[in-house]
1. Name the residues whose placed amide hydrogens come within less than 5 Å of the amide hydrogen of Lys158, ignoring near sequence neighbours (fewer than 5 apart) on the same chain.
2. Filter Lys204/Lys232; Lys151/Lys204; Lys15/Lys110 down to the pairs with a C-alpha to C-alpha distance above 31 Å, please.
3. Which value, in Å³ per residue, describes the convex hull spanned by the Cα atoms of region 74-177?
4. Give me a comma-separated list of calculated 3J(HN,Hα) values for region 69-81, in order, Karplus coefficients 6.51, -1.76, 1.60 applied at θ = phi - 60°, integers in Hz, x for any Gly or Pro.
5. Can you tell me how much longer the chain between Met30 and Lys102 gets when fully stretched, taken as 0.36 nm per residue apart minus their C-alpha distance, in nm with one decimal?
6. Pulled fully out, how much extra length does the chain show between Tyr128 and Thr112, if you take 0.36 nm times their separation in residues and subtract their Cα-Cα distance?
7. For region 3-86, restrict the atom set to alpha-carbon positions and state the Rg and Dmax in Å.
8. For the chain, find the longest principal axis of its Cα atoms and tell me its angle to the long axis of helix 113-125, 0 to 90°, nearest 10.
Amino acid sequence: MDIITALDTFCDYLKYMRGYSPDTIKRYRMTVRLLQRYLYAHAVEDCTSTKIREFFYHGRQELHWAPNSFITYHKSLAVFFRWCVQRGYLQSNPTDDMEMPKTEKKLPPKLTKQEALRLLEIAYNFPYPYTFQRFRNYAIFATFIYAGLRKKELLNLKIMDVDLVNQSIFVRQGKGSKDRVVPICSTLSGILSRYLEQRSRLNKTCLEFFTSLNRNMGFTETGMKRLIEFMKCQDPQN
């Protein structure tokens, strides 16, 4: 079975049958293509256990993959080849019985209360050229801090998802492609309300909750990256 054809069919299966997000499907495709290019593989059958071990050895020794990268690549390939076995393209999964490197178990870094308050202070007090930027950026970081939303969840927020009357945010297709309702405090509710006043003043009518300054469209991922980097530069204690 041609490996690229199998990969395309596999990605269609993830999209239409399993409902995986575009980012997740992209990760699977990238990993399989990485293996395919390294092995110069044309068929699924070319990916033997021995060759796949060589691929991972090369990644660890030559490319200096971190243990977590090794495990992520392995999990993606294991799912792909398990699907190939189920479809009859392979008799067994060539990633089975592969030893995994040990990983350090660390808690993810988090802001202290003082750091969070300082970030909000910087976001609000910076001398922006436009008032809208002050209230939008302040609302963005307040939503991160008070509601605990992830970046993608925040960018995907729609106007109808934010209920200030009942003080809640409806998160669509969050982590694990699951919807959830996040209660918010009165402080965040007030911050979002003041942002909406500025949004209305500029006649923003797009469905996205957080919008661009100059265009009637949602705030983009590129814009978010620039904003985060910009805020880091403004913090003298960073």
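1. Phe209
2. Long pairs (Cα-Cα over 31 Å): Lys15/Lys110.
3. 199 Å³
4. My calculation for region 69-81 gives 5, 4, 5, 5, 4, 5, 4, 5, 5, 4, 5, 4, 6 Hz in order.
5. On the way: separation 72, 0.36 × 72 = 25.92 nm, distance 2.39 nm.
Answer, rounded to one decimal: 23.5 nm.
6. In short, 3.2 nm is gained.
7. 12.6, 37
8. Rounded to the nearest ten degrees, it is 60.
Laboratory data are not the source of any read-out in this text; all were calculated from the coordinates shown. Everything quoted here is computed from the prediction, not taken from an experiment. For neighbour counting, all protein chains shown are included, and Cβ atoms are generated from backbone atoms with ideal geometry for every residue, glycine included.
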